[in-house]
Amino acid sequence: MSASDTTCQDCIDLMLDFVEGELPEDVRLKLEEHLGGCQPCEDFLSTYRVTPSVCRRAMVRDMPESVSLKLHQFLREELGREHKG
Ligand SMILES: [Zn+2]
């Protein structure tokens, strides 16, 4: 983790506004800083960017718990892999 206090969860929560350019400058910079150092979130963002707007809203707002858990598991695994180097 870097000095940034932005977590992967924050990233996912903010991604809708991020891709739509609705984030305030300071929040956007924090998010970009996190994305720059976090491959799983960067991958998630690329998926997110090609997803139609309507689905994006569903992804963020109506993400079922099972999906959310899977995503967290995925992020943990990806992060763990990175740490092993
Ligand atoms: Zn992340």
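Points to keep in mind about this one:
- Of residues in the range 8-31 being under 10 Å from the mean Cα position of the chain (by Cα) and surrounded by fewer than 18 Cβ atoms within 10 Å (Cβ to Cβ), the one farthest from the ligand (Cβ to nearest atom): Leu16
- Annotation note: of Glu42, Glu82, the sole residue that is at pLDDT 80 or above and surrounded by 10 or more Cβ atoms within 10 Å (Cβ to Cβ) is Glu42.
- Residues located in the range 18-46, provided they are within 19 Å of Leu71 (Cα to Cα) and charged (D, E, K, R): Glu42, Asp43
The values are calculated or read from the model by the stated rules, or taken from the named source; none is laboratory data. Nothing here was measured: the structure is a model prediction, and the numbers come from that model. Using ideal geometry, Cβ is built from the backbone for each residue, glycine included, and neighbour counts are taken over all protein chains shown.
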